[in-house]
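Student: Please see the structure below; I have some questions.
The values are calculated or read from the model by the stated rules, or taken from the named source; none is laboratory data. Here the structure is a predicted model, which is why all the values come from computation and not from measurement. Don't worry about glycine lacking a Cβ; one is built from the backbone with ideal geometry, like all the others, and counts go over all protein chains shown. The accessibility values were calculated without ligands, DNA or RNA, using every heavy atom of the protein model including side chains. Shrake-Rupley method; radii C 1.70, N 1.55, O 1.52, S 1.80 Å.
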Amino acid sequence: MAKKVQESNNVTVTNSKTHRRANIAVIIVVSIAAFILIAIAVLCSVKVNPTRDISEPIRYEFYDRGKTEREGMDQTRQSKIKAALGDMKFSVMNGILQGHWDFSYNFKRNAAKEKIELSASDVKAVASDADKFMIEFVYNPVKIGADGNIDYSTAQSIKVDGETVYFDRLKVLIGNTDGRVGEIELYPYIDARIDRTQTDNENLSSETYFVTGINVRADTTKAYAALVQFAESLTLNI
């Protein structure tokens, strides 16, 4: 009889340990699931703005697809461009799900990972094409210091691949990412160095001036649609 009681106690202890382990396993699984859900919610709520480090210009210049002439821009039109440019954000989660992990500004590079440098004339030739709008950000011109060189403290700047890029003009090419996270192209430059050939100062000459384009992630779906509508309104003179 005593033996049966002892066996019963052993079974009870074993069952208790099994239930305890099962409860611990359930708690761990539930905790992990909760952590994953919280992480997903956070990543969905965090938005990436491709123009986050770019200051608002004194004006925008708008070039429709495939056109080299800029459109006339009053204050109302300026506001519409600004609104469209503010609609290129996307969530970090959306970017990750599409295989994108780098949301920083990156120089355009060739297959050998070398920066693709554009001459002053190449920068001047950057324009819209059949599929892309171009919007140029125009800032106050940089000032020339008493030493005859550019005073970079008067320029706009942006960090790209660890380097500081100075500019007072910025060409932005925007295509349609069509519901996905794609890229827009940025071409920052100093206007005073584009057509300055009659100078012995290499720090001002356009002949020694080179610019590298920049890629940055963006979802332009809504912005592109807004720009299409904007271009149509110009045609109708609305």
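Student: Express the accessible area of segment 76-163 per residue in Å², computed with a 1.4 Å probe while the remaining protein chains stay in the model.
Tutor: Ligands and nucleic acids excluded, the figure is 55 Å² per residue.
Student: What does the extension gain come out to for Asp147 and Arg109, with contour length at 0.36 nm per residue minus their alpha carbon separation?
Tutor: Contour length minus Cα-Cα distance gives 10.3 nm.
Student: Just grab the label-to-label distance for Asn49 and Lys124, each label 7 Å out from Cα along the Cβ direction, in nm (one decimal).
Tutor: Computed distance between label sites Asn49 and Lys124 equals 3.5 nm.
Student: If you don't mind, there's one more thing I want to ask. At 1.4 Å probe size, with the rest of the protein present, what percent of the exposed accessible area of segment 51-118 is carbon and sulfur atoms?
Tutor: In segment 51-118, the share of accessible area belonging to carbon and sulfur is 47 percent.
Student: Same structure again: Could you work out how far apart the two model spin labels at Asp178 and Leu234 are, taking each label as a point 7 Å from the Cα in the direction of the beta carbon, and quote it in nm?
Tutor: Between Asp178 and Leu234, the label points sit 2.4 nm apart.
Student: What is the gain in length, in nm to one decimal, between Asp74 and Glu207 on full extension, counting 0.36 nm per residue of separation less the C-alpha to C-alpha distance?
Tutor: This chain segment gains 44.4 nm when fully extended.
Student: Grab the other residues whose beta carbon is less than 12 angstrom from that of Tyr105, score K and R as +1, D and E as -1, and report the net.
Tutor: Spelling it out: positives minus negatives among the neighbours equals -2.
Student: Sticking with this structure for a sec: May I ask you to list the aspartates and glutamates whose Cα is less than 12 Å away from that of Lys82, ignoring any residue fewer than eight positions away on the same chain?
Tutor: Glu56, Glu61, Glu136
Student: Next question, about the same structure. Using amide H atoms built in the peptide plane, which far-off residues or other-chain residues are under 5 Å from Gly182 H to H?
Tutor: Close amide H contacts, sequence-distant or interchain: Ala218, Asp219, Thr220.
Student: I need the phi-derived Karplus couplings for segment 152-169: 6.51 cos²θ - 1.76 cosθ + 1.60, θ = phi - 60°, integer Hz, Gly and Pro marked x.
Tutor: Karplus values, whole Hz, x for Gly and Pro: 5, 5, 9, 9, 7, 8, 8, 8, 9, 6, x, 9, 9, 10, 9, 6, 10, 9.
Student: Multiply the residue separation of Asp191 and Asp161 by 0.36 nm, subtract the distance between their alpha-carbon atoms, and state the gained length in nm to one decimal.
Tutor: Taking 0.36 nm per residue and subtracting the Cα distance, the gain is 8.5 nm.
Student: Run the simple label-point estimate for Arg59 and Ala83 please: 7 Å along Cα→C-beta, distance reported in nm.
Tutor: Spacing of the two 7 Å Cα→Cβ label points: 2.1 nm.
Student: Now a separate question. With a bin width of 10 angstrom, please list the P(r) values of segment 106-238 as percents of all Cα-Cα pairs, from the 0 bin to the one holding the largest distance.
Tutor: Result returned by the calculation: 11, 36, 32, 16, 5, 0.
Student: Under a Cβ-Cβ cut-off of 14 Å, what is the net charge of the residues other than Met88 that fall near it, where Lys and Arg count +1 and Asp and Glu count -1?
Tutor: My count for the surroundings of Met88 gives +2.
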